[in-house]
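Read the structure below first, then the notes.
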Amino acid sequence: MVPKVIKTELLSPPVAARHDKICVHHGHQRIDPYYWMRLSDAQKHAEIPDQQTKEVLQYLTDENTYCKQVLKPVRPLQKKIYKELVERIQLDYETAPYFNNNYWYYTRYAEGCNYPVYCRKYKTLESDEQLMLDANQRARENSFYHVTGLMVSPDNTLLAFGEDTLGRRIYTIRFLNLKTGQLLPDKIKNTTGTGAWANDNRTFFYTTKNKMSLLSNKIWRHKLGTEKKDEDLVLHEKDPSFYIGVFRSKSGKYIFIHEQSTLSSNFYFLNADTPDANFVQLTPRIENHKYFIEHYKDKFYIRTSLEAENFRLMETSIKNHHVENWVEVLPHNPDVLMQSIEIFENFLVVEERFDALPQIRIIHQTTNKQHLIKFHEEAYVVKLDSNLDFYTHTLRFKYASMTTPETTIDYNMESRQHNYKKIIRVPGHIPDNYITRRLYARARDGELIPLSLVYKKDLVKDGSAPCVLYAYGAYAETVDAYFDANHLSLINRGFIWAIAHVRGGQAKGRYWYQAGKLLQKKNTFYDFMDCAQFLIDEKYSSPGHMYAMGESAGGLLMGVIANIAGYLFKGIIAEVPFVDVVTTMLDESIPLTTNEFDEWGNPKIQKFYKYLYSYSPYDQVKVQDYPNMLVTTGFFDSQVQFWEPAKWVAKLRQSKTDNNLLLLYTNMEAGHFGASGRYQRFSELSLYYSFLIMLEGIKT
């Protein structure tokens, strides 16, 4: 709970106090006037705040008050948009059920409720419903709530689940007796929220976090009804560039421990029937070797980057499992990224990416005959869904495009027939009224950058249409051409929604990611700028109607383009932006820092320091004009600490030479992903959209 502060009525933007801190590295001096905004976790959670905390809270409160004042004229519009967003969702919604271990599982939402209810039925869908967990009941006394990692024991009698009540992704694991509906007294704190049951239905493996860095670093063995002991520790990963986790194989025969860094992987396995035995390392750790493992009958399948940038598939026997015994099953294809695999008794399914679009390949385990599932829209997203039944011939996946709402499809891998199990109904939405396009912008170095667009059919290409250009561009995460009903509040008012598939993601394969990280990170920023310029040149929009939007690492992108290409945009929305790059990457006490040296570079090394400093948005704020900007953060954010955007806004206020809007909104109850409930999230979205519509001058 955040301590209360005095709310003041502001008529002008807040001015943060300056307390210059001199930072010297590699003989280079930086002056940080707002370093004082950094608070420790203890300060953030203290019941009685110290003086520094009071000053920080007062500044954040003043910024929130100012933001509210400035947007007061569009408050009716914000309420209208909120109403639109709510009306587009199915208030009583139920997911397509999936079958696993004699039960059908599904999730449903009830009208007026923020959180899901998790249910199941025994053997047939005609059976009585068993309510396993009602997240609304669990969330009642918390302003933030998130439940994750629901794991039913092999005998179907116990449910393990993780709860986060702060937004920092620190979960407490609880255990529920599904026969009685009573919680067990076992309570495991400071976890990732997920884990794996052994086949004795009494042993549960889980992961805890370093309390300072929040990196997952220890695997534990828990016996229900016992207290935690030192000897329960299974593995302690001491290399801070790795994070770890534990999961159960689809077959239910093995428990796997995985260790992952940006560049390397490591796996251990244990027979799930012998939970007290020692885990066995699959193969010695190899530098710059990423791989992933799954069990199939008497062997392991391994998706590996060994001599394969886009990954290849190999197999090895369970008895002789070191890398020298691995045998190739599917070779490396430099044009196709192998993203994941799904294993069935008679089929192997490969999730791939070709020419910046996802695809699904089906391979028969015996005959090796294979085929691709065909999709026909210019741009779309398709992802494997819950496929927990090993013996079925049915593959479940979800399909959507920027005009087509998400559809859950059961695909018969033998007959190749599609069974449409669930189509998200969006009231008032007629897909044929919109156009989705896949375009390519030529970057300054000659690369073709994919762009996905959606807009109304009556759009006139004369440069007058408002356009929101969105991107992420980091961690090999690809933002596909997905459907988002919320965007209709902009699109129906004449906006174009565009996604730039910039380098740093892996839309065009692993090399696309490599070309947007470390000392090539600026490709991400230039790609985004070149995409914006392309849309302007092709008369989709113009600088007076272009808007940029990104969050987290995408917020870093927003910070960079605000400094070097603000002239291309009328407005920018930067959500939880990673903008104080040098200071954060030098501070190893901040969560995720050490784990991300291979993504951004370690500034303790001079060449990385210079490169990071050259684009760090906070360090590169200039005395110049900036576009209109809305910046958001969460007070309890553990991934991008609140003080980064707060410091950035304070420095921008000091330096900007224009009269454009600069607003900072801090959610004082949330973390990195904002508000937790489905209705609460709409409040934040309506804020963003009303800001854009106000800037565009649309009367609605």
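Brief remarks follow.
- Where strands (runs of 3 or more DSSP E) fall wholly inside segment 75-165, the ranges with 3 or more residues that are touching a strand residue (DSSP E or B) at 6+ places or on another chain (Cβ under 7 Å) are 103-109, 117-122, 129-134, 146-152, 158-164.
- Close Cβ contacts (under 6 Å, 6 or more residues apart or on different chains) running from residues in segment 171-199 that are under 25 Å from K253 (Cα atoms) to residues that are assigned to a loop (DSSP other than H, G, I, E, B) and charged (D, E, K, R) comprise N199/D273.
- Within segment 34-54, residues that are in a helix (DSSP H, G or I) reach partners that are among the hydroxyl-bearing types (S, T, Y) and crowded, with 19+ Cβ neighbours inside 10 Å with beta carbons closer than 9 Å, at six or more positions or on different chains, in the pairs Y35/T583; M37/Y59; D41/S638; Q43/T53; K44/T53.
- Residue match in segment 614-637 (condition: over 27 Å from the mean Cα position of the chain (by Cα) and acidic (D, E)): yes
- Hits in segment 178-232 (condition: in contact with a helix residue (DSSP H, G or I) (Cβ under 9 Å, 6 or more places away or on another chain), at pLDDT 95 or above and more than 30 Å from S40 (Cα to Cα)): R221, H222, K223
- Segment 257-284, residues that are hydrophobic (A, V, I, L, M, F, W, C) and under 24 Å from E309 (Cα atoms): I257, L263, F267, L282
- M37 fulfils the conditions (1) under 23 Å from Q639 (Cα atoms); (2) out of contact with any helix residue (DSSP H, G or I) (no Cβ under 7 Å at 6 or more places or on another chain) except for a single criterion, (2).
- Residue among R425, R416, R444 that alone is out of contact with any Leu (no Cβ under 7 Å at 6 or more places or on another chain) and closer than 30 Å to L519 by Cβ: R444
- If you go through segment 394-423 and keep only what is part of a loop (DSSP other than H, G, I, E, B) and more than 20 Å from I341 (Cα to Cα), you end up with S401, M402, T403, T404, P405, E406, S415, Q417.
- Test: residue in segment 526-543 that is under 21 Å from the mean Cα position of the chain (by Cα), assigned to a loop (DSSP other than H, G, I, E, B) and crowded, with 20+ Cβ neighbours inside 10 Å: no
- Taking strands (runs of 3 or more DSSP E) as the structural unit, those lying wholly within segment 187-240 and holding at least 1 residues that are of a type in the set (S, T, Y) correspond to 203-209, 216-223.
- The condition (being touching a strand residue (DSSP E or B) at 6+ places or on another chain (Cβ under 6 Å) and under 28 Å from Y513 (Cα atoms)) is satisfied by just one residue among H332, H295: H332.
- The residue of segment 552-579 that is nearest to Y35 (Cα to Cα), among those that are over 16 Å from the mean Cα position of the chain (by Cα), not in a helix (DSSP H, G or I) and not basic (K, R), is V579.
- Top-ranked residue in segment 161-177 [being surrounded by fewer than 23 Cβ atoms within 10 Å (Cβ to Cβ) and hydroxyl-bearing (S, T, Y); ranked as farthest from the chain's Cα centre (by Cα)]: T172
The values are calculated or read from the model by the stated rules, or taken from the named source; none is laboratory data. In this text the structure is predicted, and so the values were computed from the model without any measurement. Positions of Cβ are backbone-derived with ideal geometry, glycine not excepted, and every protein chain shown enters the neighbour counts.
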